[in-house]
Amino acid sequence: MYLDITHKGPDFIKAHFPNIYARCLEFGIDMTKQPIPVVPAAHYTCGGVVTDLAGRSGVEGLYALGEVASTGLHGANRLASNSLLECLVFSESAAKDILARGKSKIRGFPSGTRARVTNADEEVVISHNWDELRRTMWNYVGIVRTTKRLERAAHRIQLLQDEIHEFYASFRVSNDLIELRNLVLTAELIVRSALARRESRGLHYSIDYPDMLPEARDTVLTP
């Protein structure tokens, strides 16, 4: 299959798709004059949080929708932008399900917690840790991985978890702190799963284990 946009003219293509144009030239393809070969990709088969049609996950009280969710609605190969429509549909179904179940009991802060916390400059540290986690995952836990890089990432994630535990005990609990905690926990699960997978399959490629195992293991994590 080929993608042909030559009818739009060179000026239009270079103005609207400069990066794609430059990238194609690196492969000897001038998209202002030639069609672009199209091949299958695995971008939309990378899974997500498994949910039912109400957006409920396997964890009580946890709902997921959109890009993060694996609803099965579109089969294995979810098409681009369909997740936006899923957000509209599943946000409504999830909201209805939450209302139907009634208000859940929300666990409050331990007695005296609010009086103990301070409003120091911990927000700067939280922002720094957020950025550190992002860079760690980008640099060490990309599509192409090595065991050594994954182990480095695991070490840094453990240090971040220790700091976050200290924040919870000593500082003001904020939305950013809660989200950072959740991000670090998710990062830990990704790294641990990657270290346990000693093969290359789908979107997971390990330089240390370039071949596939004879039999595929289940990749769905259950609570």
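Output the residues belonging to the range 162-198 that are closer than 23 Å to Trp138 by Cβ and among the acidic types (Asp, Glu).
Those that are closer than 23 Å to Trp138 by Cβ and among the acidic types (Asp, Glu): Asp162, Glu163, Asp176, Glu179, Glu188.
Quick one: what pairs do we get from the range 209-223, first residue over 9 Å from Glu199 (Cβ atoms) and open to solvent by 100 Å² or more (accessible area, probe 1.4 Å), second of a type outside the set (S, T, N, Q) and modelled with pLDDT of 80 or more, C-beta under 8 Å, 6+ apart or different chains?
Leu221/Leu189; Thr222/Gly58; Pro223/Gly58; Pro223/Val59
How about the range 119-138: which of its residues are out of contact with any strand residue (DSSP E or B) (no Cβ under 6 Å at 6 or more places or on another chain) and either open to solvent by less than 90 Å² (accessible area, probe 1.4 Å) or modelled with pLDDT under 55 (or both)?
Within the range 119-138, Asn119, Ala120, Val125, Ile126, Ser127, Asn129, Trp130, Asp131, Glu132, Leu133, Thr136, Met137 qualify.
Against the conditions (1) at pLDDT below 90; (2) over 30 Å from Ser200 (Cβ atoms); (3) of a type outside the set (D, E, K, R); (4) surrounded by fewer than 15 Cβ atoms within 10 Å (Cβ to Cβ), where does His74 fall short? Just the number, please.
(2)
The values are calculated or read from the model by the stated rules, or taken from the named source; none is laboratory data. Here the structure is a predicted model, which means the values were calculated and not measured. Because the Cβ atoms are built from the backbone with ideal geometry, glycine has one as well, and the counts that use them run over all protein chains shown. When the accessible area is computed, the model is the full protein with side chains, heavy atoms only, and any ligands, DNA or RNA have been set aside. Shrake-Rupley method; radii C 1.70, N 1.55, O 1.52, S 1.80 Å.
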